[in-house]
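For reference, the structure is listed below as structure tokens.
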Amino acid sequence: MLKITIYNEGVHEKLDHRAGEIYPKGIHGQLKSALEDEFEIKVFTLETVEGITDEVLADTDVLLWWGHIRHAQVPDEVAARVRDAVHGGMGAIFLHSGHHSKPFKLLMGTSCNLTWREDGDYELVWNIKPGHPITRGIGRFIKLDHEETYGEPFAIPEPDELIFIGSYEGGEVFRAGCTYRRENGKIFYFQPGHETYPTFYNEDVIKVIKNAINWAYSPYREKIGCPNVKKPLEE
Ligand code: ZN
């Protein structure tokens, strides 16, 4: 079984009754329930974020990250550890407002800003890479009755692959599923997952996350060093 570490800051579910009613055990609790039949799961929240040590990351095949209103309280050292672990081959999936998390911004090197609107729009998450491992079992689109509207421009580097495009009732479009490689690690950004909508109960959303875990996993875990190779190959 692949080893998955879930980080969810776990704050909205306590402060906002709408989020608390949908996710009584937190977004992390729902993700754990939805994934634990196929993966071995460890969970961290903002209260335990310091526990995401180098040892934990070395023992993690793929990390899932959901954060929003407390990004700033995640210690810089934790974000740097996540970046370094990805460089060394750990897979990472950033969900929804994880686009503004410290580790995602470190890995992207850009502001990751976007436009947004919380209006209860429906969203169509268009599958534009049928045949890709991340879209296995997904049809033309996933319909979400309500999602937070995210719109372009999205200040990310050009994705290696664009997997999904979200389109919304209000007319916006958004690059809703993007892959990157950073050194030896694979990264997937996936936009659905606002805390006041039951997105993480949607079977297709969970299927995409499971597919993305399997895609992001690499058995090769090695950091690229910077050795001074004094001896030339040929004398
Ligand atoms: Zn949101």
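The values are calculated or read from the model by the stated rules, or taken from the named source; none is laboratory data. These numbers were taken from a predicted model, which means no experiment stands behind them. Ideal geometry is used to build each Cβ from the backbone, glycine not excepted, and the neighbour counts take in all protein chains shown. Ligands, DNA and RNA are stripped out before the accessible areas are found, and what is left, the full protein with its side chains, is counted by its heavy atoms. Shrake-Rupley method; radii C 1.70, N 1.55, O 1.52, S 1.80 Å.
Computed from Cα positions, the angle between helix 76-87 and the longest principal axis of the chain comes to roughly 70 degrees. Across the alpha-carbon set of the range 125-196, the Rg to Rh ratio works out to 0.96, Rh being the Kirkwood radius.
With +1 on each Lys and Arg Cβ and -1 on each Asp and Glu Cβ, and nothing else charged, work out how big the dipole of the chain is about its Cα centre, in Debye to the nearest 20. Please list the in-between numbers first.
Details: 26 positive and 37 negative charges, 114 e Å.
Computed charge dipole of the chain: roughly 540 debye.
Given a 1.4 Å probe, how much area per residue of the chain is accessible, in Å²?
Values: 10940 Å² over 235 residues.
Roughly 47 Å² per residue, with all protein chains present.
Given a Förster radius of 30 Å and the C-beta distance between Lys25 and Glu118 as r, what FRET efficiency does 1/(1 + (r/R0)^6) yield to the nearest 0.05?
On the way: r = 23 Å, r/R0 = 0.77.
Once the sixth-power term is evaluated, E becomes 0.80.
Could you go through the range 4-10 in sequence order and give the Karplus-derived ³J(HN,Hα) for each residue, using 6.51 cos²θ - 1.76 cosθ + 1.60 with θ = phi - 60°, rounded to whole Hz, and x for Gly and Pro? Each residue of the range 4-10 in turn: 10, 10, 9, 10, 9, 4, x Hz. Based on the Stokes-Einstein relation at 20 °C and a viscosity of 1.002 mPa s, and on the Kirkwood radius from alpha carbon pairs, the chain is assigned a translational diffusion coefficient of 119 µm²/s. In this structure, Lys14 and Glu203 have a Cβ-Cβ separation that, at R0 = 25 Å, corresponds to a calculated FRET efficiency of about 0.40.
For the range 94-142, the alpha carbon positions stretch 32, 29, 13 Å along the principal axes, listed from largest to smallest.
Assuming a ≥ b ≥ c are the square roots of the Cα gyration tensor eigenvalues, decide whether the range 70-191 counts as rounded (a/c under 1.5), prolate (otherwise, with a/b larger than b/c) or oblate.
On the way: a/c = 2.26, a/b = 1.38, b/c = 1.64.
Oblate, because a/c is 1.5 or more while a/b does not exceed b/c.
Taking the Kirkwood radius as Rh and the Cα radius of gyration as Rg, the range 1-137 has a ratio of Rg/Rh equal to 0.96.
For the range 18-84, list log₁₀ I(q)/I(0) at each q in 0.23 Å⁻¹, using the Debye formula over Cα point scatterers of equal strength and ignoring solvent, two decimals each. Rounded to two decimals, the profile gives -1.15. Between Glu40 and Ala80, the modelled labels are 3.0 nm apart [label points 7 Å from Cα along Cα→Cβ].
Which order do the peptides 206-218, 119-131, 222-234 come out in when sorted by mean C-beta neighbours inside 10 angstrom, highest first?
Values: 206-218: 20.3, 119-131: 16.8, 222-234: 6.5.
Result, highest mean first: 206-218, 119-131, 222-234.
Note on the range 89-110 and the range 1-73: Cα centroid distance 14 Å, given to the nearest whole angstrom. Give me D for the range 163-235 in µm² s⁻¹, whole number, from Stokes-Einstein with Rh from the Kirkwood sum over alpha-carbon pairs, 20 °C and 1.002 mPa s. After rounding, the answer is 136 µm²/s. Close amide H contacts of Ile163 (hydrogens built in the peptide plane, cut-off under 5 Å, sequence separation of 5 or more or a different chain): Gly177, Cys178, Thr179.
Scoring 186-198, 66-78, 140-152 by mean Cβ neighbours within 10 Å over their residues and listing the highest first yields 186-198, 140-152, 66-78. Expressed as a whole percentage, what fraction of the accessible surface of the range 1-114 belongs to carbon and sulfur atoms when a 1.4 Å probe is rolled over the protein heavy atoms? On the range 1-114, the fraction of accessible area on carbon and sulfur atoms equals 50 percent. Do the alpha carbons of any pairs in Lys3/Lys231; Lys14/Lys129; Lys25/Lys102; Lys14/Lys223; Lys42/Lys143 sit beyond 32 Å of each other, and which pairs? Violating the 32 Å limit, Cα to Cα: Lys3/Lys231; Lys14/Lys129; Lys14/Lys223.
Pairing the Cα long axis of helix 203-216 with the longest principal axis of the chain, what angle in degrees results, from 0 to 90 and rounded to the nearest 10? That works out to roughly 10 degrees.
Could you list the GluC sites (Glu not before Pro) in the range 20-73 that lie in coil according to DSSP, counting only those with at most 15 other Cβ atoms within 10 Å of their Cβ? Kindly include the intermediate steps, with their values, before the conclusion.
Details: sites: Glu21, Glu36, Glu38, Glu40, Glu47, Glu50, Glu55; in loops: Glu36, Glu38.
Answer by residue number: Glu36, Glu38.
The slack between Glu47 and Ile224, meaning 0.36 nm per residue of separation minus the straight C-alpha distance, is 60.5 nm.
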